[in-house]
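Every number in this text was worked out from the coordinates using simple rules, so none of it is lab data. Every value quoted in this text rests on a predicted model; they were computed, and no experiment measured them. We place every Cβ from the backbone using ideal geometry, glycine too, and count neighbours over all the protein chains shown.
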Amino acid sequence: MRTLSFGDRGIEVSDVQRRLYALGYDLGDEGADGFFGAKTETALRAFQQRRGLLFDGVLGPNTWRELVEAGYAIGDRLLYLRVPPFRGDDVLALQVKLNLLGFNAGPERGVFDQRVAHAVRDFQRNAGLPPDGVVGEATLHMLEALRKAETGREGKKIPERDEGFVEARYLTGQVVVVDPGHGGSDPGVIGRHGLLEKDYSLRVGLRLAQLLRAEGCRVRLTRERDETLDPYARAEIADVLNADYFIAIHLAADPSPLARGAACYYFERNHYYSEHGQKLADYIGAELATAGLPFVGSLGRNYAVLREQRGIAVVVEPLFATNPADAAIAMQPGHADALAGAILDGLSAYLARSNTC
């Protein structure tokens, strides 16, 4: 699916419109007419906001996959472990049910992975069903029957047993994937003073990788040059390496040139959020503030590079490219060193705090 935005036409737009309409979004008089007009853009923004995405009204890879997955309800299809894994709201609903019943289906990200398959088989054994790992009519019926005995827990996150901290104490030996955002044909934000997000993120990412390696980390950059990468390809790099941490570097933007402030993002979807990601985002944010970058807070989002990770993932946006003062800071020769150092210190502080829990 190519990227679609206001003014585009074609059967791909019609497909998007039909999916939005099926999910209950109002397309007004436009309907599924194949033209990406104002009503379609408004509906898409509303969908993005509800799903925890960047609500820019543009249909890119992340929004497209979420739109497809939103169309699956539990019971629409057989679910089982396969490659590539099933993804969708039906898998998410299954994880919620299993987790509420005490069967650990892992982070509720809507991906039928090994942890979900194990939880399904465990549930089936306890329910007196053949433990084949296939979620069909009999398994769903038993899940629903048992769920009726559960009250008052829907929509509430089950706390993680480790309170959002890991056992490791030090950076040495940790596997870290550094993800410089955008690249190639995707410049990202084009800011003041000629600032390009893709160049900025690569400059900071390369320096961060150097600092991490000096601390004994095993480091992989998703890109080391100006090239285009799909967000799911970035996440796959981390999963293949079984990365402990995934740190993405981006810049923020806003129509108002007055908007400024650093933010860190962690995975959140519906009532579920990554406690590990939130803790790490808080620690990095505190170091950004110490480095003189006003920190507005840690925020949960359903970005692909956060959702698809098995490790602990954060997106760091230290500056607004659209703010003249921030853009000037980003262009300073020593800025990449200072920012990379702050991120390193945040990760180190997070690991040090782990030892006290």
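Below are the figures for this structure:
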{"item": "Gain on full stretching of the segment that runs from Val68 to Arg2 - 0.36 nm per residue minus C-alpha separation", "result": "22.3 nm"}
{"item": "Extension gain (nm, one decimal) between Val58 and Leu241, 0.36 nm per residue minus Cα-Cα", "result": "62.8 nm"}
{"item": "Hypothetical label at Leu23: residues of segment 34-62 whose amide nitrogen lies under 15 Å (7 Å Cα-Cβ projection)", "result": "40-62"}
{"item": "Hz values of 3J(HN,Hα) by residue in segment 179-192 - Karplus curve (6.51, -1.76, 1.60), Gly and Pro given as x", "result": "10, x, x, 6, x, x, 6, 10, x, x, 6, 9, x, 6"}
{"item": "Span from the segment 214-271 Cα centroid across to the segment 284-354 one, whole angstrom", "result": "10"}
{"item": "Sequence-separation-based contact order of the chain, relative, with Cα cut under 8 Å and 6+ spacing, percent", "result": "16"}
{"item": "For segment 43-122, size of Cβ-based charge dipole, Lys and Arg +1, Asp and Glu -1, in debye", "result": "60"}
